[in-house]
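Read through the structure below, which is laid out as structure tokens, and then see the notes.
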Amino acid sequence: MTETATAPQRTAIVTGSASGIGAATVLELARLGYSTVGIDLQLPAAQAVARQAALVGGRHQAILADVADEAGLIAAFDEALHFLGHLDALVTCAGVSDTTPFMDLEVDTFRRVHDVNVIGTFLCVREAARRMGPGGRICTVASVAGLRGGGLMGTAAYASSKGAVLALTKNAARSLAPMGICVNTLAPGATLTPMIAEAWSDPQRRAMVESMSALNRTAEPKEMAAAIAFLLSPQASSITGATLVADNGLAMY
């Protein structure tokens, strides 16, 4: 009797896994049969997400690292690869926001936002590509602020950093295509994460922003996770260098 070979479990690294879209993505990938490693500065919260994912299925771990710290991030990716055995996918949810008005914005703040959102994304994509084989999938996370130039809460530092992520993703898609790796980005609109919790505590402000979208609502993190899971899936095998806008119809206005 011939035994049927079992395909290896798919694996993923998710940055910013402690909360918001990152946490929802870990849980969605666990539901789909992935094993994951979450990377975050908030280790206890990231570990709690990993434990929750393990109840769904697969093997899950959380690692403490700053995505903008090159040496620390490389060490985290080495640890993640040792845990996972191989790497199929990367999702870069780690990021910071800033709402400082243009004329009040200081260079140190601008630089820190770009360090995390742009340099951090670049380092993660580079290190993931070094550990992936053909068929690897990468999904970066930008924002409609990068498409619109801000205008709501994310101002100059944030909007320009997310615009850079959009361009970086296209370049990575070109550069990594010969290696058989597809790279796409998700551009969320307003999503109920800790990043907007303070602003959304003002009902009038929330209603104002929601009214600017065609569907007049705020998304849930699990909706963004589902979109990310699609971009990582075989169903998206012909998609690379693309931006999937998931904003309830905000950017088209």
Residue 97 passes all but one of (1) assigned to a loop (DSSP other than H, G, I, E, B); (2) free of Cβ contacts under 8 Å to residues at least 60 places away in the same chain; which number fails? (2)
I'm trying to understand the selection: among the residues of region 40-64, which are in a loop (DSSP other than H, G, I, E, B) and closer than 16 Å to residue 12 by Cβ? 57, 58, 59
Within region 208-225, can you find the residues that are surrounded by fewer than 17 Cβ atoms within 10 Å (Cβ to Cβ) and of a type in the set (Gly, Ala, Ser)? 211, 214
Select, from 201, 237, the only residue that is of a type in the set (Ser, Thr, Tyr) and either within 28 Å of residue 31 (Cα to Cα) or at pLDDT 95 or above (or both). 237
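Per-residue answers, yes or no, for (1) free of Cβ contacts under 8 Å to residues at least 24 places away in the same chain; (2) closer than 28 Å to residue 49 by Cα:
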residue: 201; (1), (2): yes, yes
residue: 204; (1), (2): yes, no
residue: 209; (1), (2): no, no
residue: 225; (1), (2): no, yes
residue: 234; (1), (2): yes, yes
residue: 238; (1), (2): yes, no
residue: 242; (1), (2): no, no
residue: 245; (1), (2): no, yes
residue: 248; (1), (2): no, yes
Within region 182-207, how many residues turn out to be assigned to a loop (DSSP other than H, G, I, E, B) and buried (at least 23 other Cβ atoms within 10 Å of the Cβ)? 3
Yes or no: region 129-151 includes at least one residue that is closer than 27 Å to residue 234 by Cβ, surrounded by fewer than 21 Cβ atoms within 10 Å (Cβ to Cβ) and under 17 Å from the mean Cα position of the chain (by Cα). yes
Taking region 162-181, which residues are surrounded by 15 or more Cβ atoms within 10 Å (Cβ to Cβ), out of contact with any Phe, Trp or Tyr (no Cβ under 7 Å at 6 or more places or on another chain) and closer than 27 Å to residue 87 by Cβ? 162, 164, 165, 166, 169, 170, 172, 173, 176, 181
Can you tell me which condition residue 101 does not meet? The list is (1) over 16 Å from the mean Cα position of the chain (by Cα); (2) modelled with pLDDT under 95; (3) crowded, with 24+ Cβ neighbours inside 10 Å, and all the others hold. (3)
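The values are calculated or read from the model by the stated rules, or taken from the named source; none is laboratory data. Because the structure is predicted, anything quoted here is derived from the model rather than measured. Ideal geometry is used to build each Cβ from the backbone, glycine not excepted, and the neighbour counts take in all protein chains shown.
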